[in-house]
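Here is the structure we will look at.
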Amino acid sequence: MRPDEVRMSVRSDHDKLRALLTELERTARIALAGKPLPRGVLRGEAKALLTSLASHMSWEDRYLVPIVRQNRGLGERRCAKIAEDHHEQRALLEYALRQLHDEFRPECIVAGNLLDLIALLRSDMDEEESAILKNSFH
């Protein structure tokens, strides 16, 4: 895959993930407000996001990292940053999935934790786009 194709694919995936984040954030805020939601909606949306995110990170590991590594000087440091971010995100995803499977955990607690995860993911995508996608392709 060519570098420009990888960059376009990452941006496209980020756009799709942002749409999922926006929808999940809306649902989480409804749950936090104590408004009724159909049973399982919050957890279903969260699981869909987590599945998409896990797939996206695996794709980046396979296609983005080798291209970033080719950048002389900063390539290895940027790859290390991607690996660190993905490691942290995977740990958070595992934690979130455990919460989602715990039927006794109140939805308001799950919703609050999901909002924290959403903020982190948005920040990480913004950082990746500005630090890696703009500066690692020549």
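From GLU5, GLU23, GLU76, GLU60, which residue is under 20 Å from LEU120 (Cα atoms), among the acidic types (Asp, Glu) and more than 13 Å from the chain's Cα centre (by Cα)? It would help to see each step written out before you state the result.
Working: GLU5 fails: under 20 Å from LEU120 (Cα atoms); GLU76 fails: under 20 Å from LEU120 (Cα atoms); GLU60 fails: more than 13 Å from the chain's Cα centre (by Cα).
On inspection, the qualifying residue turns out to be GLU23.
If you check ALA131, ALA91, which single one turns out to be modelled with pLDDT under 85 and under 19 Å from ASP61 (Cα atoms)? First the steps, then the outcome.
Numbers: ALA91 fails: modelled with pLDDT under 85.
Every option except ALA131 fails the conditions.
Residues of region 32-70 being hydroxyl-bearing (Ser, Thr, Tyr) and either loosely packed, with under 13 Cβ neighbours inside 10 Å or free of Cβ contacts under 8 Å to residues at least 60 places away in the same chain (or both), which ones?
Looking only at region 32-70, we keep the residues that are hydroxyl-bearing (Ser, Thr, Tyr), and these are 51-52, 55, 58, 63.
Answer for region 32-70, where residues must be hydroxyl-bearing (Ser, Thr, Tyr) and either loosely packed, with under 13 Cβ neighbours inside 10 Å or free of Cβ contacts under 8 Å to residues at least 60 places away in the same chain (or both): THR51, SER52, SER55, SER58.
Quick check on LEU120: is it closer than 30 Å to PRO3 by Cβ and surrounded by 16 or more Cβ atoms within 10 Å (Cβ to Cβ)? Spell out the reasoning first.
Values: closer than 30 Å to PRO3 by Cβ: yes; surrounded by 16 or more Cβ atoms within 10 Å (Cβ to Cβ): no.
In short, no.
The values are calculated or read from the model by the stated rules, or taken from the named source; none is laboratory data. Just so it is clear, the structure is predicted and the values come from calculations on it, not from any experiment. Reconstructed Cβ throughout: ideal geometry from the backbone, glycine too, with neighbour counts over all protein chains shown.
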